[in-house]
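Novice: Sharing a structure here in structure tokens format.
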Amino acid sequence: MRFEAIIGHDKIGSKLRAGVQNGRVAHAQLFNGPEGSGALSLALAYARYLHCQKPSETDACGTCTSCRQYDSLQHPDLHWSFPFFKKDGSEQSTTRPFQNAWRERVLDDSYFGLEEWLGTIGADKKQLFISVQEALELNRKLGLKSFQGGWKVLILWLPETMRVDTANKMLKLIEEPTDKTVMLFVSEQANQLLATIRSRVQMIQVPRLSDEEAALGMNERYGIDLEQARQWTHVTEGNVAAAMRMQHSGGSEIDRDLFIHWMRSCYAQETPKTVALADDFAKPGRESMKRFLLYALHMVRQCIVGNYGAQSLVRLTAPERAFAEKFAPFIHHGNAIDIQQLLENAHRDIAGNVNGKLVFLDLSARVSVLLRKPT
């Protein structure tokens, strides 16, 4: 990944390169941006620029020994950390068993989200985390001398998945860095990090891409028809990872169909159907449940937008819009806030490892009452 391959964010790239050229490289930096914004891509291009032996003002050269090593993500002074799970029967609680899978995932496409990473490592029903043992291993690695005499670079993806004890270990590493070490944290929700960590890193805010930026990037990067790309990025609000997910996996169609059947059964108060749908909701795993609840929130909010006459701002596909036109009257000022709060609470409960089927059944009962609430 070089700066030239990044979708948008030219100003951020220029600022990062200027810092290197002027000898102002902070030892701990946090790239914070929503999923699909390109924060990981920026961090990787920056790391490559730091290691490049013949960088220009605009990018890494692409031909030196370091750049060739980056082409396969095999540079000896580039270290990776990311959320993972402890395999059954394994004593290993570090990222070591997953490093090859991670490289393959990033080399395939650096615009991805947690859902893609879960699929890559077969962890659909696992809770991912970054362990204390992993933090200790990073401390050991970064304490060694550089193999090539330059920077040692760590890219840590989704630091918000660190547990408190892990975060405290990482805090010590940030406060007492070894010589010529740069730690690049790539976060989607920096507010979930310990305040003590946030206060000790240089924050780089990576904004959401505009719909058009994301669409043009998808057209140039993946060869997707521009009008099709514009449809996906309009719905996903510039999230390239989610747009590619819609393009390839059909996950959005699964969520849409489940949402439609769910709302109809809730309104009709058809308990047997709701119980059957609870199985469909819980079966795929925790991350899929969280994704569906976020999708449900999206649909409710789009109904609210449409109810206030702002049709040009509604971000729905044609099938979603067809359903929303009939469903929107049941979302009004008398129940909209309560329904949104219920969905947010359910998302929090699923993230906290509460039984998915029970969460769905309780949520369904409450939503059923609210849908029949008069305006």
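The values are calculated or read from the model by the stated rules, or taken from the named source; none is laboratory data. None of the values given here were measured: they were computed from a predicted structure. All Cβ positions, glycine included, derive from the backbone under ideal geometry; neighbour counts span all protein chains shown.
Novice: Do the conditions hold for Ala241, that is, is it aliphatic (A, V, I, L, M), modelled with pLDDT of 90 or more and surrounded by fewer than 21 Cβ atoms within 10 Å (Cβ to Cβ)?
Specialist: The answer is no for Ala241.
Novice: Still on this structure: Step by step: first the residues of segment 349-358, then only those that are in contact (Cβ under 8 Å) with a residue 60 or more places away in the chain and hydrophobic (A, V, I, L, M, F, W, C), then the one that is nearest to Gln127 (Cα to Cα). Which residue is that?
Specialist: Going through the qualifying residues, I end up with Ala351.
Novice: Also, I was wondering about something else. Looking only at segment 26-42, decide whether some residue is in contact (Cβ under 8 Å) with a residue 60 or more places away in the chain, assigned to a loop (DSSP other than H, G, I, E, B), among the aliphatic types (A, V, I, L, M) and in contact with a strand residue (DSSP E or B) (Cβ under 6 Å, 6 or more places away or on another chain).
Specialist: So far as segment 26-42 goes, yes, one or more of its residues are in contact (Cβ under 8 Å) with a residue 60 or more places away in the chain, assigned to a loop (DSSP other than H, G, I, E, B), among the aliphatic types (A, V, I, L, M) and in contact with a strand residue (DSSP E or B) (Cβ under 6 Å, 6 or more places away or on another chain).
Novice: Separate question: Filter segment 102-131 down to the residues that are surrounded by fewer than 17 Cβ atoms within 10 Å (Cβ to Cβ), in contact (Cβ under 8 Å) with a residue 40 or more places away in the chain and among the basic types (Lys, Arg) and list them by number.
Specialist: The one that is surrounded by fewer than 17 Cβ atoms within 10 Å (Cβ to Cβ), in contact (Cβ under 8 Å) with a residue 40 or more places away in the chain and among the basic types (Lys, Arg): Lys125.
Novice: Now a separate question. Tell me whether segment 17-32 contains one or more residues that are of a type in the set (Gly, Ala, Ser) and crowded, with 22+ Cβ neighbours inside 10 Å.
Specialist: No.
Novice: I've got another one for you. Could you check segment 321-339 and list, in sequence order, the residues that are modelled with pLDDT under 95, within 29 Å of the chain's Cα centre (by Cα) and of a type outside the set (A, V, I, L, M)?
Specialist: Once the filter is applied, which keeps residues that are modelled with pLDDT under 95, within 29 Å of the chain's Cα centre (by Cα) and of a type outside the set (A, V, I, L, M), segment 321-339 yields Arg321, Phe323.
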